[in-house]
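**Student:** Below is a structure I'd like to ask you about.
The values are calculated or read from the model by the stated rules, or taken from the named source; none is laboratory data. Just so it is clear, the model here is predicted, and its values are computed rather than measured. Cβ: placed from backbone, ideal geometry, glycine included. Neighbour counts: every protein chain shown.
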Amino acid sequence: MNEAPAGHDPDMERRRGQEKRLRAAWATPRGWRYWSAVNNTEVGVWYTATSFAFMLFAGVLGLLIRVQLAVPDNDFMTGPFYNQVFTLHGTVMMFLFAVPIFEAVAITIMPQMLAARDLPFPRLSAFGYWCFLIGGVFVCGSIFFGAAPDGGWFMYPPLSTDPEQAGIGADIWLLGLSFIEVASIAAAVELIVGTLKCRPPGMRINMIPLYAWYILVVGVMIVFAFPPLIAGDILFEMERMFDWPFFDPRRGGDPLLWQHLFWIFGHPEVYIIFLPAIAVVAMIVPTFAQRPIFGYSWIVLAAVGTGFLSFGLWVHHMFATGLPAVSLGFFSAASQAVAIPTGVQIFVFIATLLLGRVVSSTPMLFVWGTLAVFVLGGLTGVMVALAPFDWQVHDSHFIVAHLHYTLIGGGLFPIVAGIYYFFPLVSGKKLSDRLGKWVFWLMFLGFNIAFLPMHVSGLRGMPRRVFSYPEGLGLENLNLVSTIGAFIFAAGFVLLVLDVVRPRRGQPYADTNPWNAGTLEWLIEMPGESWGVRSVPQISSRYPLWEQEGLARQVAEGRCYLPDAEEGRRETLITTTIDALPVQCLRVPGPTFITLWAAAFTGGVFVFATFHWWFATLVSGILGAGAILRWLWTGTAEIPEKPAKDIGLGVTLPLYMSGPRSVGWWAMFITMMGDMAAFASLIFGYFFYWTIHPDFPPPDQPDPSAGWLGLGLVLLLGAWWLTVRARGRNAAGSPGALRGALALGAVLATAGSAALIAAAWLPGLDPTSHVYPAIVWILLIWTAVHGILGVVMQLYCIAGSVAGRLTPRYDIDIWNVTLFWHFMALTAFLTVAVLALFPMAV
Amino acid sequence: MTRETRSPRNSLIVLSLGPTIWAVHFLASYVTAAIWCEKAGLGATLSPVQLLVGIFTLAALVAIGALGLSAWRHWGYLENEGPPHDADTEEERGRFLGLATLLLSGLSFVAVIYVALPVVFIADCR
Amino acid sequence: MAELFWLMAGGAALIWVLVLGTAFYATRVRPRPHGEHVGRMLILGGGVAFPLVVLTSLLIYGLALMPELRAPGDGLKIRVSGEQWWWRVAYYRPGSDAPVHAANELRLPLGQRVELELDSPDVIHSLWIPPLAGKVDMIPGRTTRLVLEPTRTGTFRGVCAEFCGASHALMAFMVEVMEPEAFAAWLESEAAPARPAKDALARQGADLFLELGCGACHTVRGTEARGPVGPDLTHVGSRLSLAAGIMPNEPDAFARWIAEAEEIKPGSRMPSFNMLPARELDALAAWLESLQ
C-alpha cells in the first residue's frame, strides 16, 4: 500500500469521497423522522426488540400461570381470567415472539451474511414490522380490558365460535392474528427472494451460509403453512360475524375442519420456529470449532427434508379425535420419519465439534443448553408420535412439558445463543461473559426444574389448561417445584435483559470479527455503518473470511463491487439463483412514512371490523388501499436515469429488469403460491364436507347456477387473455394497444366477477341455512374479490402507461400483473369447475 | 457473465423432487383411506385401500429410486474426492446438488416406506 | 401401555446420555481433533443407522398395537355425553333397548370389554380415566368410541382433558370397577325408580324439590321430576362424588352446591338457590342424600 501522508493520498481521498456518498445515501433519518427508516439495520432492531417485549409480556403471563398452579385449589386468579392468561401466553409466544423473532433476526443479519446492502424490498419489511406492532399491541392490550381471547391458543370451535362463551376476545384473536400472518408472509417473500437473488457474486448454491439455507426453507414453509390458517380464519370469522355454519354440526358444518386447517398450519409452525433457531447454531458451531461445518450437504438434507415432512404431521395433534386408526397410522409414520433429519443435524454439529478445536464461550454454553434440552424434547416427541402412547398423555401436562422442551430447547436457547453471538454486529460491543454464565445456569436449571416434573404430573393425570386441581392426587409437590423453577428461569432471563439494556458507554468497541468467524456478516466494521458492507466482494468459498486471504481489507478499502453511491442512491446487487452471477444493480427505496400509514390503515380495517364498526372499517380500507397504491406508485418500478451502471471491477450491470428476471416478478410469484395455498384450503373444505356427508350437495339445497358460473368463467378468461395480449402489444411498442386491451379486460373482469356472485345470488343460496351454500358463497366471493383486485391492477397499469412510468422498455408492472392474472385464471377455472361440475357428477 | 449454464439437473426443483414425491404419496394414501373409511363406515375392511396404497407406494419408490440413481451419477462419487464440494467451480456445485438430491431421495425413500406401513398392520376402518 | 412407556423412557434416557456424552467428549475431553472418518462414522452411525433401527421398530410396535386397542367391545355399551360441565351416562345392557340413565360416574364390570360411545351436545370435551386408558374426544356432531377393559377393581378418577370453557377444570367423575356380579346387581338397582322418602325432613325436601321447579331440569325417576337438561338424580345419593367429581357426597356439600352452584362452578347452568333458608337447604340435601 502507498504510505503517503493521509489527505494527500489520491486513493485515500477516493475512499473518503466514496464513504461520504455512501453514508449520505444510507443515512438513517434523524429526530422524529427516525421512524420513517426502512433499512434492515433499523427495522431489524425494532423487530427484535418488539418481539422480545412481547416475549417478556407473555413470560409474565406464564409466571402468573405458575403462581396459580403452585398449590391445589388456589384462588389467586378466577377461572375465567386464568383462561385468558393461558390463551394469551400461548398465542403471544407463538405468534408474537417465536415466528417474528425469526423474521427479526433474519432481516437483521441476512443482508450482512450475504454482503448485500439491504434486502430487495426494504419498505415491505418496514410495512411488515408496523403491521406486527399494531396487531401485537391490539391482541396483547385486550387483557387489560378483560377482553382477551380465552379459548386456548388453538381456538377450537364450537367453544370459540359461540358468541356467548367466547366474547370479543375470539374476534381479536382471529382478526389481530390474521393481520400479523399477512405480515409474516410478507417477510417470508422478502427473505426467499433475498436468499435466492441477493447473494454476493460467486456465492454459488454450494457455498451459501447454512443460515440462509434454513431461512430459504422456512420462508417456503411459511408461504404454504400460513395461508391454510388464514383460510380457516376467514371461515371462522364468517361464522362468528354472520352465522355461516362452517363448524356447526346442526347445519352440516364440522368442528374438525377447523382442527385440520389449524394444524396444517400449526405443525409446520413448530418447525418454522425450530429451523431458523437451529440455523443460528449452525453458524455458531463452526465458529467455535474453528473449522468449516462437517457435513454441509447433510444439513441441507435436514433442512429441506424437515421442511417437507413437517407438512405430514398435522393429525398427530388430533390423535384423540377418534379418526380411523389407519389415518392416525400415516401421521404416526411421518412423525417418526421427521425424527431422522432432526437427528442428523444434531450429529453434524457434534461431528463438527469433534473435528475442530473447540473454544469455550457464552454462545457455546447456550448451544450446549440447546442440545441437552432439545434432545430430550425430541425423544418425548418420538414417544408421543406413537398414537397409543399419545392417547394416554395427550392434552396433559406431559404434553406441556414436551412442547416446552422442544420450543425452549429448540427455539429460545439457540436464539439466546444468537443474541450473545450476534450482539456485536448490532451494537459493536459484546455482552458480558461473566453475567452470561449466570444467565445460562439460571435459565438452564430453572427450566429443567420447572418442566421436568410436568412429565410426571401429566402421567399422573393432570390435564392441561386447568386453573385448579384438587389435593390428594400426588400433584402438590410437583407443581410447587415447577413454580419455583419457573421463577429461577425468569430470573435468568431478566439478567439477560439487564445486560442487553444496560448503558455501555465506557465499554470499548469489540474488534472487527470478534469471534474469528468465517462468514461474511463479520466483515462489518465495529461500530457498523448503515450501509452494511463497504463494498461487495467476489466470493469463492463457504467461509470467505477464513479461506479468502485479504478479503476483509479489500472490502474495507472499497476495492470490490459497488464501492460508491455516485448518484446518491441506495443500491444492492442482484445475482442468479444457482451460480450467483451478477445480473442487475437494484435501486432500493429509502426512508418513508407511507409504509407506516399503509400498515396503520390496514390495521384499522382489522381493528374496526372486530368491533363491527363497519363505516370506519370501510373508510380505513379505502385509505389503506390508497396508501398502498401511493407506495407502489412512488416507490416501485422506478425508471432509472440511465439504462446501466458501472459497479466497479469493469462490470456494468443494467439498473432495470422486468419479467422473470426481476425480483418483483419473483415476489409476485411467491405471493401467488401462498394465495393458491389459501384457495386450495377452501377447496379442501368443500371436499371435506362432501366426504363427511352421505348427501353432498344436499338435495334440499339449490345449486349455484351453472349458466352464470360459465358466463363468469368466460368473461374472466377473456380478461386474462386481454391482459396477456396487453403485455405483448406493449412490448412490441404499442402502449395504446396496452391501454385498450386492459380497459376492455377491466370491463370483462368486473362483469365476470359480478356474474359469479349472481350465480349464487339468483338461485337464492342462503349461506346461513347450511354449510353447502356457505362454502359455495365463500369460494365465489374469494374468486370475485380476486377478480376485482385484478381490475385495480389493470387500471393501475393503464394509469402507469398514461403517466409514462410504464413504457415498452420499462414494463415491470404489466409483467407482474400478467403473472397475477395467470393465477387468477386458474382460480376462476377451478372455482367454476368445482361448483358447476361436481354437483352434476355426484 | 450474465448467463449461467443451467441444465435441468442443476436446479432447486430437482433437489426437492424426492420429498415432493413423498408428499404426493402421503396425501394420496391418506385421502384414499380417509374417504374410504368415511363412506364405507365403521369396521369396514381396508382391502381396497391396502391395494391402492400398495400401488402408490410402488410407484413412488420406483420414481424416487430413479431420481436417486440419476443423482448418484450426477454426484459422481467414484470420479471425485467426495464432500465437502465447496470449491468455486461448476463441477463442484453440480456434485453438491447431486449429493444433496441423493440424500433427500434416501430420506424420501424411507419416509415412503414408513407411510406405507400402517396398511400392513391395520386391516379395518376402526 | 405401562411397559411401552417404561421401555421408551429407559431408551430415551439412554439415548440422551449417549448423545450428550458424545457432545461433551467432543468439546471437553478429547486431546486433539479427530480425523474426518470419525465424523463420517458418527453422522452415518449416530445420525442415520441408529435412529433408523430404533424408529422403525417403534413404529412397527406402535402400529401393531393399534388394531387390538380399537377392537370392538363384547357386550355392555355405555353412552357418555360430555356436557358443560358434567357427564350424562346411559347404560345399554346386551339384548336390551332400554337405557339405564345415570350421571357423573361410571361403573364398570371387571374383565369385560366395555364399549363407550361418546358425544357432546355443546362443545368439545375429552374423556380420560388416566389409570384405565387413553383419552377420546367427545365432538359435537360426531360419535367417537372408546373400549375399556379394566383389569383390577377399585375406584379411579376421570377428567375432561380437552379445554371446554370456564369450568373445564371442574369437570371430573369417579369410576368404580366392580366384580361382574356386583356390577349386575348395581345396574339392577340403578334401573329402579327412586325410593320414597323415609323421614319427615326428606319428605319436605322432596316436596320442595318439585315446588322450586328443580324438576324442570332434573329427572328423579318415580317422581314428577322429568327434566332432561341436568343430571339424572334418581340415585344421586349413592354416587361417589357431587357436582361432577368436585365435591364429596355429603349433606353439607349438597346444601352448599344448591346454594352456591354458580360460584362453585362459574358458567354452570345450575342457578344458585342462595335465597333459600338454611332449613330448606337441609331438607333438600336430606332428600337427595336419601336417593340411594
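**Student:** Considering each of C:GLY245, C:GLY237, C:GLY230, C:GLY205 in turn, give the residue that is crowded, with 18+ Cβ neighbours inside 10 Å, touching a Cys at 6+ places or on another chain (Cβ under 7 Å) and either farther than 25 Å from A:TYR469 by Cβ or in contact (Cβ under 8 Å) with a residue 60 or more places away in the chain (or both).
**Tutor:** The match here is C:GLY230.
**Student:** Does B:ARG93 count as within 8 Å of chain A (Cβ to nearest Cβ) and among the basic types (Lys, Arg)?
**Tutor:** yes
**Student:** Among the residues of segment B:96-117 satisfying the criterion of being more than 7 Å from every other protein chain (Cβ to nearest Cβ) and hydroxyl-bearing (Ser, Thr, Tyr), which is surrounded by the most Cβ atoms within 10 Å (Cβ to Cβ)?
**Tutor:** Once the filter is applied, the top-ranked residue is B:SER108.
**Student:** May I pose another question? Quick check on my filter: what residues within segment A:112-164 are surrounded by 24 or more Cβ atoms within 10 Å (Cβ to Cβ), hydrophobic (A, V, I, L, M, F, W, C) and within 13 Å of chain C (Cβ to nearest Cβ)?
**Tutor:** If the condition is that a residue be surrounded by 24 or more Cβ atoms within 10 Å (Cβ to Cβ), hydrophobic (A, V, I, L, M, F, W, C) and within 13 Å of chain C (Cβ to nearest Cβ), then A:MET155, A:LEU159 are the ones that fit.
**Student:** Please list, ordered by first then second residue, the pairs with beta carbon atoms under 9 Å, 6 or more apart or interchain, first in segment A:696-718 and closer than 14 Å to A:ALA759 by Cα and β-branched (Val, Ile, Thr), second at pLDDT 95 or above and buried (at least 19 other Cβ atoms within 10 Å of the Cβ).
**Tutor:** Going by the 9 Å Cβ cut-off, the qualifying pairs are A:VAL714/A:LEU748; A:VAL714/A:GLY752; A:VAL714/A:ALA755.
**Student:** Could you tell me whether any residue of segment A:512-525 is of a type outside the set (Asp, Glu) and under 30 Å from A:HIS455 (Cα atoms)?
**Tutor:** no
A quick yes/no check of all residues on (1) more than 12 Å from chain C (Cβ to nearest Cβ); (2) without any contact (Cβ under 8 Å) to a residue 12 or more places away in the chain; (3) closer than 22 Å to A:TYR686 by Cα:
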{"residue": "A:ILE222", "(1), (2), (3)": "yes, no, no"}
{"residue": "A:GLY252", "(1), (2), (3)": "no, no, yes"}
{"residue": "A:THR306", "(1), (2), (3)": "yes, no, no"}
{"residue": "A:TRP314", "(1), (2), (3)": "yes, no, yes"}
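**Student:** Only residues that are assigned to a helix (DSSP H, G or I), within 14 Å of chain A (Cβ to nearest Cβ) and in contact (Cβ under 8 Å) with a residue 12 or more places away in the chain: list them for segment C:153-197, please.
**Tutor:** Hits for segment C:153-197 are C:HIS168, C:LEU170.
**Student:** What pairs come up if the first residue lies in segment A:380-391 and is closer than 14 Å to C:PRO130 by Cβ, the second is of a type in the set (Gly, Ala, Ser) and assigned to a loop (DSSP other than H, G, I, E, B), and their beta carbons are under 6 Å apart, counting only those six or more places apart or on different chains?
**Tutor:** Close Cβ pairs (under 6 Å, with a partner that is of a type in the set (Gly, Ala, Ser) and assigned to a loop (DSSP other than H, G, I, E, B)) amount to A:TRP391/C:GLY134.
**Student:** Which count do you get for residues in segment C:130-141 that are touching a Pro at 6+ places or on another chain (Cβ under 8 Å), at the interface with another protein chain (Cβ under 7 Å from one of its Cβ atoms) and on the phi < 0 side of the Ramachandran plot? First the steps, then the outcome.
**Tutor:** The initial filter retains those residues of segment C:130-141 that are touching a Pro at 6+ places or on another chain (Cβ under 8 Å), namely C:132, C:134, C:139-141.
Subset that is at the interface with another protein chain (Cβ under 7 Å from one of its Cβ atoms): C:134, C:139-141.
So of that shortlist, the ones also on the phi < 0 side of the Ramachandran plot come out as C:134, C:139-140.
Looking only at that region, the number is 3.
**Student:** All but one of (1) over 26 Å from A:TRP298 (Cβ atoms); (2) surrounded by fewer than 21 Cβ atoms within 10 Å (Cβ to Cβ) hold for C:VAL89; state the number of the condition that does not hold.
**Tutor:** (2)
**Student:** Sort through A:ILE814, A:ILE775, A:ILE757 and tell me the only one that's assigned to a helix (DSSP H, G or I), out of contact with any Gly (no Cβ under 7 Å at 6 or more places or on another chain) and either closer than 28 Å to A:GLY685 by Cα or of a type in the set (Asp, Glu) (or both). Even if it seems obvious, please write down each step before you answer.
**Tutor:** On the way: A:ILE814 fails: either closer than 28 Å to A:GLY685 by Cα or of a type in the set (Asp, Glu) (or both); A:ILE775 fails: out of contact with any Gly (no Cβ under 7 Å at 6 or more places or on another chain).
Result of the check over A:ILE814, A:ILE775, A:ILE757: A:ILE757.
**Student:** Let me ask you something else. Quick check on my filter: what residues within segment C:26-50 are more than 7 Å from chain A (Cβ to nearest Cβ), at pLDDT below 90 and within 53 Å of the chain's Cα centre (by Cα)?
**Tutor:** Residues satisfying the conditions are C:ARG28, C:VAL29.
**Student:** From the residues in segment A:695-752 that are of a type in the set (Phe, Trp, Tyr) and at pLDDT 95 or above, which one is nearest to A:VAL792 (Cα to Cα)? First the steps, then the outcome.
**Tutor:** First, the residues of segment A:695-752 that are of a type in the set (Phe, Trp, Tyr): A:696, A:708, A:720-721.
Applying the additional criterion that residues be at pLDDT 95 or above yields A:708, A:720-721.
Numbers: A:TRP708: 23, A:TRP720: 14, A:TRP721: 17 Å.
This residue is A:TRP720.
**Student:** Can I ask one more? Considering only residues that are in a loop (DSSP other than H, G, I, E, B), more than 9 Å from chain C (Cβ to nearest Cβ) and among the hydroxyl-bearing types (Ser, Thr, Tyr), which ones fall in segment A:340-375?
**Tutor:** Looking only at segment A:340-375, we keep the residues that are in a loop (DSSP other than H, G, I, E, B), and these are A:356-361.
Checking the rest, the ones that are also more than 9 Å from chain C (Cβ to nearest Cβ) come to A:359, A:361.
Within segment A:340-375, A:SER361 is the sole residue that qualifies.
**Student:** Turning to a different aspect of this structure: How many of the residues making up segment C:3-25 are more than 7 Å from every other protein chain (Cβ to nearest Cβ) and not β-branched (Val, Ile, Thr)?
**Tutor:** Counting residues in segment C:3-25 that are more than 7 Å from every other protein chain (Cβ to nearest Cβ) and not β-branched (Val, Ile, Thr) gives 12.
**Student:** Might you let me know whether segment A:270-285 holds any residue that is in the same structural domain as A:LEU365 (by TED's automatic domain parsing) and not in a helix (DSSP H, G or I)?
**Tutor:** no
**Student:** Something else: Exactly one condition in (1) crowded, with 24+ Cβ neighbours inside 10 Å; (2) part of a loop (DSSP other than H, G, I, E, B) is not met by A:THR783; state its number.
**Tutor:** (2)
**Student:** Out of segment C:39-80, which residues are closer than 15 Å to B:ASP124 by Cβ and basic (Lys, Arg)?
**Tutor:** C:ARG70 - this is the single residue of segment C:39-80 that is closer than 15 Å to B:ASP124 by Cβ and basic (Lys, Arg).
One line per residue, one yes/no per condition, for (1) aliphatic (A, V, I, L, M); (2) within 14 Å of another protein chain (Cβ to nearest Cβ); (3) in contact (Cβ under 8 Å) with a residue 12 or more places away in the chain:
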| residue | (1), (2), (3) |
| --- | --- |
| C:LEU52 | yes, yes, no |
| C:GLU68 | no, yes, no |
| C:ALA71 | yes, yes, yes |
| C:TRP86 | no, no, yes |
| C:ALA103 | yes, no, yes |
| C:LEU116 | yes, yes, yes |
| C:TRP128 | no, yes, yes |
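**Student:** Given the structure, is B:LEU42 out of contact with any helix residue (DSSP H, G or I) (no Cβ under 9 Å at 6 or more places or on another chain), surrounded by fewer than 17 Cβ atoms within 10 Å (Cβ to Cβ) and either in contact (Cβ under 8 Å) with a residue 24 or more places away in the chain or within 11 Å of chain A (Cβ to nearest Cβ) (or both)?
**Tutor:** Criteria met by B:LEU42.
**Student:** If only one of A:GLY461, A:GLY518, A:GLY506 is buried (at least 18 other Cβ atoms within 10 Å of the Cβ), assigned to a loop (DSSP other than H, G, I, E, B) and not assigned by TED's automatic domain parsing to the domain that holds A:PHE366, which one is it?
**Tutor:** Details: A:GLY461 fails: not assigned by TED's automatic domain parsing to the domain that holds A:PHE366; A:GLY506 fails: buried (at least 18 other Cβ atoms within 10 Å of the Cβ).
When all the criteria are applied, what remains is A:GLY518.
**Student:** Over 19 Å from C:GLY154 (Cα atoms) and either more than 14 Å from chain A (Cβ to nearest Cβ) or charged (D, E, K, R) (or both): does that describe C:TYR91?
**Tutor:** The answer is yes for C:TYR91.
**Student:** Take the conditions buried (at least 20 other Cβ atoms within 10 Å of the Cβ), without any contact (Cβ under 8 Å) to a residue 24 or more places away in the chain, part of a helix (DSSP H, G or I) and in contact with a helix residue (DSSP H, G or I) (Cβ under 6 Å, 6 or more places away or on another chain) and apply them to A:ALA741. Does it pass?
**Tutor:** yes
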